[in-house]
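Below is one structure; the comments refer to it alone.
The values are calculated or read from the model by the stated rules, or taken from the named source; none is laboratory data. As the structure is a prediction and not an experimental result, all values here were calculated from the model. Don't worry about glycine lacking a Cβ; one is built from the backbone with ideal geometry, like all the others, and counts go over all protein chains shown. Side chains included, ligands, DNA and RNA excluded: accessible areas come from the protein's heavy atoms. Shrake-Rupley method; radii C 1.70, N 1.55, O 1.52, S 1.80 Å.
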Amino acid sequence: METGRKRDGAALIALDWGTSSLRGFLMDGGGTVLEQRANAHGIQNLPQPGLPGFEQAFADLCGDWLSANAGIPVVAGGMVGSAQGWAEAPYVACPADTSTLAAHAITVGSASGTSVLIAPGVTYDPPDAPPDILRGEEIQIAGVLADRPDWARDACMVLPGTHSKWVRISEGRMTRFATYMTGEVFAVLTKHSILGRLMPADAEAPTATGAAARDAAFADGVRAAQAGGPGDLTHQIFAARTLGITRRMAPELLKDYLSGLLIGHEMVSGLARMGGDLIDKDGTGRPLLLIGDGALCRRYVQGLGLLGIEPTARLENTAPKGLFQFAIAAGLIAPAGKDHHV
């Protein structure tokens, strides 16, 4: 079907608007994605500064969808609702579910006359520890739980990334979570510290033997993290230099070792914070779900396996379904089998 023409059954435009990218989904009344688009106009890379940049990015991505489907509702999640976004959607406190997000969503008007409903982020603010926040992941979680009441009852979700999130789910609600700056720390150490001087900038595509060696170096890092004591992280990080200087590890494997060390420390801490009784290799215990990029999640599967944990499932792009559930909770879309008029 040609872009810009009315798409039969189109009922929702959903935007996953992050820091570095903008993704749009044209969806029908059952939650099926009819068409999707993406560009690099995240909130830190708008086509022009300030509010005009958000207006232009929205129009460039969705203008023909809007003109071809008059009155179609639009929802958005992610950093677009941050203090640096189009409009700030303040955080809501744990425990929170999709209905909570809908009840505290904000509406921003666009130059086209279309209103955009923006989901808030979530905060976990225990009295005996510093607060934590997430924004965007709550939409992904809503997508995961939409069709799985068993997972909604009791589960742990891990969302690897620049800032990895470990989230505890109970009775359909996010009850607590912890953030780990694993990806950002890895980037800083490899690009802006002395460690990176021994690491090849552009490693060749691994052969089967090379891939096995990289996996082994990653595993060494995870095991070092598992064996580490309190406060050992910065001492252990230095091994990513000394292993190279002493030639005990090939330069092209040092990044994998460092990745295993950082991810390993995250997993040791995250598993402890989320509580015991997670799924083990015998298949018993609380479900643990991985949500995110395939290559990165593969590393977490490998690392968790070394710690005796077998993830229940690995899911990639759950944002469209989560945005659809958000729209239902906000009354913009009727649940399946029900008529609704906005």
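Quick test for you: out of 322, 283, 292, pick the one residue that is at pLDDT below 95 and buried (at least 20 other Cβ atoms within 10 Å of the Cβ). Outline the logic, then answer.
On the way: 322 fails: at pLDDT below 95; 283 fails: buried (at least 20 other Cβ atoms within 10 Å of the Cβ).
On inspection, the qualifying residue turns out to be 292.
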*Among the candidates 249, 274, single out the residue that is at pLDDT 95 or above, surrounded by 13 or more Cβ atoms within 10 Å (Cβ to Cβ) and either more than 20 Å from residue 180 (Cβ to Cβ) or under 28 Å from the mean Cα position of the chain (by Cα) (or both).*
249
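Answer with yes or no whether residue 8 is farther than 30 Å from residue 132 by Cα and assigned to a helix (DSSP H, G or I).
no
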*Being in a strand (DSSP E or B) and among the polar types (S, T, N, Q) is the filter; apply it to segment 13-68 and report the residue that is farthest from residue 86 (Cα to Cα).*
36
*All positions within segment 96-114 that are open to solvent by 20 Å² or more (accessible area, probe 1.4 Å) and under 19 Å from the mean Cα position of the chain (by Cα)*: 97, 98
*Could you figure out which of (1) open to solvent by less than 30 Å² (accessible area, probe 1.4 Å); (2) within 30 Å of residue 124 (Cα to Cα); (3) touching a residue at least 40 places away in the same chain (Cβ under 8 Å) isn't true of residue 69?*
(2)
*Mind checking whether some residue in segment 135-156 is in contact (Cβ under 8 Å) with a residue 60 or more places away in the chain, in contact with a Phe, Trp or Tyr (Cβ under 8 Å, 6 or more places away or on another chain), open to solvent by less than 30 Å² (accessible area, probe 1.4 Å) and outside any helix (DSSP H, G or I)?*
yes
_Take the conditions in a helix (DSSP H, G or I) and of a type in the set (S, T, N, Q) and apply them to residue 175. Does it pass?_
no
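For segment 220-317, give me every one of the helices (runs of 4 or more DSSP H) that falls completely inside it and has 3 or more residues that are charged (D, E, K, R) and under 25 Å from residue 162 (Cβ atoms). Steps first, answer last, please.
Working: elements: 233-237, 239-245, 254-274, 294-306.
Ranges flagged: 254-274.
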